[in-house]
Amino acid sequence: MAKILLVENEPDLADVVKDWLEDDLHSVQVLNNGSGALEVLSRSKFDLVILDLMIPGVDGFSVCQSYRQSGGESPILMLTARKSMECIEAGLDAGADDYLAKPFQLRDLSDRIRLLLRRPAGTVMELRAGDLLLQRRSYRVTKGGTLVRLLPKEFLLLEYLMRNCRKVVSVDALIDHAWGSESSITSETVRSYIKTLRKKLDTPGADSLIKNVYGMGYKLDLEE
C-alpha cells in the first residue's frame with residue numbers, strides 16, 4: 001500500500017482514479033489546484049505524486065519544479081492532455097519521473113505506478129556507457145554529445161539496457177520495465193523497438209551497440 005497524492009482538477013476523472021487506486025489498497029488524497037498541492041507537499045510526505053499539468057492557479061510544471069527545488073524526492077507521475085514531445089520534455093525537465101497522456105487506461109496507470117514505487121530511493125538519475133549519456137530527470141539521451149531523440153518506450157528500454165550494461169537482459173525483463181508485468185506486449189514488439197533504437201544509436205557501417213544474444217535476450221555492448 002502506498003500513500004498517494006492525486007492532483008487533478010477534473011472531478012469525474014479524479015473520482016475514477018481515486019476509486020481505482022483505493023481498490024488496489026492505496027491511500028489517496030485528492031486536490032484540484034496547484035497552490036493546495038504545494039502546501040500539502042510542504043508538510044506531508046507521499047510515496048507518489050500524480051500531478052496533472054493543467055491545473056488552476058499554480059500549474060503542474062511550477063508545482064513540480066518548486067517541489068524539487070525544495071528538496072522533495074517523491075516520484076512524480078505527470079498527467080497531460082498535451083501529447084507533444086516539447087510539453088512532455090518540459091514536464092520531465094521540471095522534475096517529473098514519468099508521464100501518462102490523457103486519455104489513458106487505468107491498467108496503464110497501475111503499471112506506471114508499480115514501476116515508480118519499485119524504484120529504490122536514491123536511484124541514479126544519470127547513466128553513462130561509452131559515449132552514451134542518459135539523463136533520467138531531463139529525459140535526454142546524447143551520443144558523443146549529440147542529442148538523440150527517443151520515444152518514451154525507447155527511452156525506457158535504453159535505460160534498462162544501460163543499467164545492465166554488458167549483461168544479457170531477457171525480453172521479459174524489458175517488457176516488465178517498459179510496459180509492466182501484466183502487459184500483453186510480445187517479443188515481436190520489443191524486437192521492433194530494439195530495431196528502431198539501433199537505427200538511432202548505431203554508427204553506419206559499425207557493429208550495433210545492442211547485441212542480440214540468441215535464446216536469451218539483448219545486451220548493450222559498451223564500456224561503462
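The values are calculated or read from the model by the stated rules, or taken from the named source; none is laboratory data. Note that the coordinates shown come from a computational prediction; the quantities given were computed from them, not determined experimentally. Cβ: placed from backbone, ideal geometry, glycine included. Neighbour counts: every protein chain shown. To get the accessible areas, we keep the full protein, side chains included, count just its heavy atoms, and leave off ligands, DNA and RNA. Shrake-Rupley method; radii C 1.70, N 1.55, O 1.52, S 1.80 Å.
Quantify, in whole percent, the carbon and sulfur part of the accessible surface of the chain (1.4 Å probe; protein heavy atoms only). That fraction is 48 percent. In this structure, the amide hydrogen of Ile50, modeled 1.01 Å from its nitrogen in the peptide plane, lies closer than 5 angstrom to those of Leu5, Leu6, Val7, Leu77, counting only residues at least 5 positions away or on a different chain. Shape of the range 19-58 from the C-alpha gyration tensor: oblate (a/c of 1.5 or more and a/b not above b/c, with a ≥ b ≥ c the square roots of its eigenvalues).
Charge tally for Val49 (other residues, Cβ to Cβ under 12 Å; Lys, Arg +1; Asp, Glu -1): -3.
With the cut-off at 32 Å, tell me which of the pairs Lys102/Lys199; Lys102/Lys167; Lys102/Lys200 have Cα atoms farther apart than that. Distance filter (> 32 Å) returns Lys102/Lys167.
Heavy-atom accessible surface of the chain, averaged per residue, reaches 51 Å², computed with a 1.4 Å probe.
Here volume of the Cα convex hull per residue in Å³ was computed from the coordinates, and among [x] 125; [y] 139; [z] 155 the match is [x]. In the chain, the longest principal axis of the Cα atoms and the axis of helix 34-43 are about 90 degrees apart. Between Arg166 and Lys45, the distance separating the two model label sites (each 7 Å from Cα on the Cα→Cβ line) works out to 3.7 nm. Taking the chain as the reference, fit the longest principal axis to its C-alpha atoms, fit the long axis of helix 187-201 to the helix C-alpha atoms, and give the angle between the two in degrees, 0 to 90, nearest 10. Result, in degrees: 80. Partners of Lys45 within straight-line reach, counting lysines whose Cα lies under 20 Å from its Cα and excluding those fewer than 8 residues away in the same chain: Lys3, Lys18.
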